[in-house]
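Remarks on the structure that follows.
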Amino acid sequence: MASIELQSVSKTYNQGQYSVRDVNLSIPDGEFVIFLGPSGCGKSTTLRMIAGLESISEGTLLIDGKNMNNVAPRDRNIAVVFQSYALYPHMTVAENMAFGLKMRGTDKAIIEKKIAESAALLGLDKLLNRKPAMLSGGQRQRVALGRAIVREPQAFLLDEPLSNLDAQLRAEMRRELIKLHQRLGKTMIYVTHDQVEAMTMADRICIMRDGHLIQTGAPLEVYENPANTFVAKFLSSPPINLLACRVIKGENGLWLQLEGGPALRIAETAQADYAHLAGQATVLGIRPEDFHAQQQQPDWQPVTLDVTSVESLGAENIVSGTLDTLPIIVRLDQHTRPRVGDTMTVFMDPTPLHLFDPVSGDVVPRRSRRSPNA
Ligand SMILES: Nc1ncnc2c1ncn2[C@@H]1O[C@H](COP(=O)(O)OP(=O)(O)OP(=O)(O)O)[C@@H](O)[C@H]1O
Ligand SMILES: [Mg+2]
């Protein structure tokens, strides 16, 4: 059992600058949580405070309800796996995995049993006598995980454990880690700046920026309800289009008059939600995948795009262009592959639009809905 709770946790180093500031987070036992954010936002520092490798400057860390602020790392019963997993080069896989248990004086028969179990779990059974130099990156990564698993910790903290691997191996290990979490049922906190890892692996993601926890929620919940432009941009690749505009009253209700671009009608279903914005400046957020080559719904709105670049990824085409004078990115299916210089019509689905405050960047709540928790 390991529920983990951070209460107003902050970290300052010598100069008094905050690396992590006032983080509040409650992780129930068994949850798979991902800390996501750009380089330097405080992900590793937060993880290291939970592990006890870094002192907590302000606030309280509770594990299973007990204050852990001054408990030594070895007494927290938490395993940490880092990006550089530092296996002992002169030891075999089995010896690497056994090392921690041996140091604790665990019985030899028990060590062997645990190694056999976790090697089977991780598909390492045929590699136990190899030295790390004779393993691939992914296999080494699994040994590092195995070394953590044999300790039977109450929680796992993983700091960018897959960032040394190639794309294919990463995808494979992502699936392995999801299965591993399901089988072990242990609390896992996983740090990454890769939004694909966050979207596919986490029960819940925690988005950090400049030491602050900006938004937490299930991946799709956050994707569909970003609290501000930072979260909206961070969670999509290619990034969401952010277009300055004004809400105006026009034919059949409210429209968004884009600055330097056309006017787009707000979806019928959202008209009432945004009635309070009439006349105001706002920022429209619309994702590249919400543009389509064909009109499939009557309310999808045609816009004319002058194509300036095309990236063909096989299954899809990422097309950059201008909408009047506005730069915009759209994502089209593999069958729609324009050429640079083409002028084409694409259809915008107005339903998933997001409106943000032009000054703060915070989402403008829809009147009829609950605002996302910040
Ligand atoms: N020992 C230290 N002394 C002073 N400042 C530090 C120390 N360790 C980290 N920092 C600062 O704290 C901030 C957060 O660092 P942290 O390592 O937690 O970032 P991160 O989100 O893990 O980034 P990355 O994705 O690059 O690993 C950074 O501004 C960093 O420079
Ligand atoms: Mg880090």
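Given the Cα-Cα distance of ALA218 and ARG175 and 0.36 nm per residue of separation, how much length would full extension add, in nm?
13.7 nm
Would segment 89-141 count as rounded, prolate or oblate if I go by the C-alpha gyration tensor, calling it rounded below 1.5 in a/c and otherwise prolate when a/b exceeds b/c, oblate otherwise?
oblate
If you take every DSSP beta bridge whose two residues both sit in the chain, what share of them, in percent to the nearest 5, is antiparallel?
Numbers: 60 of 78 bridges.
Around 75 percent of the beta bridges assigned by DSSP in the chain are antiparallel ones.
Taking only Cα atoms, what is the 0 to 90° angle, nearest 10, from helix 93-103's long axis to the longest principal axis of the chain?
Taking the Cα atoms of the chain, the angle to 93-103 is about 70 degrees.
Please give the charge dipole size of segment 4-233, origin at the Cα centre, charges +1 on K and R Cβ atoms and -1 on D and E Cβ atoms. Round to the nearest 20 debye.
Numbers: 28 positive and 25 negative charges, 158 e Å.
The dipole of segment 4-233 has a size of about 760 debye.
If I model a spin label at VAL71 and SER57 as a point 7 Å from the Cα along the Cα→Cβ vector, what separation in nanometres do I get?
2.4 nm
For ASN77, what charge total do you get from the other residues with a beta carbon under 14 Å from its beta carbon, if Lys and Arg give +1 and Asp and Glu give -1?
After counting each charged neighbour, the total is +2.
Projecting each Cα onto the charge dipole of the chain (Lys/Arg +1, Asp/Glu -1 at the beta carbon, about the Cα centre), which of MET344, ASN129, HIS276 comes out farthest on the positive side?
Checked the options; the winner is ASN129.
Want the number for THR325 to LYS126: 0.36 nm per residue separation, take away the alpha-carbon distance, what's left?
Here the segment from THR325 to LYS126 would lengthen by 65.6 nm.
Would you mind ranking LYS108, LYS131 by Cβ crowding within 10 Å, fewest neighbours first?
In order of increasing Cβ crowding within 10 Å: LYS108, LYS131.
Just to confirm the number: angle between the C-alpha axis of helix 108-122 and the first principal axis of the chain, 0 to 90 degrees, nearest 10?
Approximately 20 degrees, to the nearest ten.
Residue farthest toward the positive end of the dipole of the chain, with Cβ of Lys/Arg at +1 and Asp/Glu at -1: which of HIS181, SER19, CYS41?
Toward the positive end, the furthest listed residue is HIS181.
How many angstrom lie between the C-alpha centres of segment 275-290 and segment 90-160?
52 Å
Under 22 Å between alpha carbons: how many lysine pairs meet that in the chain, if sequence neighbours fewer than 8 apart on the same chain are excluded?
Total qualifying Lys-Lys pairs in the chain comes to 20.
Only the coordinates and a few stated rules stand behind these numbers; no lab work does. All figures in this text were calculated on a predicted structure; none of them were measured in a lab. Here Cβ is always computed from backbone atoms with ideal geometry, including for glycine, and neighbour counts include all displayed protein chains.
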